[in-house]
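The structure appears below as structure tokens.
The values are calculated or read from the model by the stated rules, or taken from the named source; none is laboratory data. Predicted model only: the values in this text are computed from it and were never measured. Neighbour counts run over all protein chains shown; Cβ positions are idealised from the backbone, glycine included.
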């Protein structure tokens, strides 16, 4: 396992995964001890509709209880909170916030909003983990955690079923720790500490993160490609067509969606 200097004491752990992520999540939470004192928040890319059985899967995988996050829930140490379908999972000063804002990186829930909210609320006492998946969701959020002084971790791409998410995070962020999912769980067990009773809020943008994320069309710099005359049903912004990336993006999106559906169906069949 590659380790870099910079791991502090962690109150809250945010974990993000996409295709192939269920197996990685099971391996990671399976190494967390029953006495694990920090709160754990999990976002896995999910279909917009339907229900998720991920809390049951993770509860069976290790010693910690796992529940689907609900709006307004107060975080407790030694608990796993799973983002529900069709909502971004955020935290604000020790409280769960579910947000129905526009999709980020094509997803709701997405990883980056969770990571950024942890960076804003917990600063140096937050940690972010990027696991298996395609494309780059989680990289920007992991950078926010690093810039806030938190601990950053990524799954070894050689172990990940789909290595693009962790590989991109490693190349861009240079995480503090890179290892197998089980190794990352053991690192977290070593650096975790109980949530403070007052949960002081770190300096930052607070709960505006999703507004910053979707404000991509307001820049004065020219947009790539040509305007289509259509608007996004999520944010009502103009849709631009970049011919140079259209085919590649479509292929990656199709691969990601198929992989996530297969991965989820396999795990749900095991319940």
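Would you say residue 91 is surrounded by 21 or more Cβ atoms within 10 Å (Cβ to Cβ), within 18 Å of the chain's Cα centre (by Cα) and in contact (Cβ under 8 Å) with a residue 60 or more places away in the chain?
Yes: the conditions hold for residue 91.
Identify, by number, the condition in (1) touching a residue at least 24 places away in the same chain (Cβ under 8 Å); (2) touching a strand residue (DSSP E or B) at 6+ places or on another chain (Cβ under 8 Å) that residue 74 doesn't meet.
It fails just one condition, (1).
Out of the residues in the stretch 43-71 meeting the condition of being assigned to a loop (DSSP other than H, G, I, E, B) and in contact (Cβ under 8 Å) with a residue 40 or more places away in the chain, tell me which one is farthest from residue 24 (Cα to Cα).
Only one residue tops the list, namely 48.
For the stretch 38-73, give me each residue that is over 28 Å from residue 106 (Cα atoms) and either touching a helix residue (DSSP H, G or I) at 6+ places or on another chain (Cβ under 7 Å) or exposed (fewer than 15 other Cβ atoms within 10 Å of the Cβ) (or both).
60, 61, 62, 63, 64, 65
For the structure I just gave you, tell me whether residue 118 is on the phi < 0 side of the Ramachandran plot and under 13 Å from the mean Cα position of the chain (by Cα).
Judged against the criteria, residue 118 is a match.
Looking at this structure, is residue 35 under 15 Å from the mean Cα position of the chain (by Cα) and modelled with pLDDT of 95 or more?
No: the conditions fail for residue 35.
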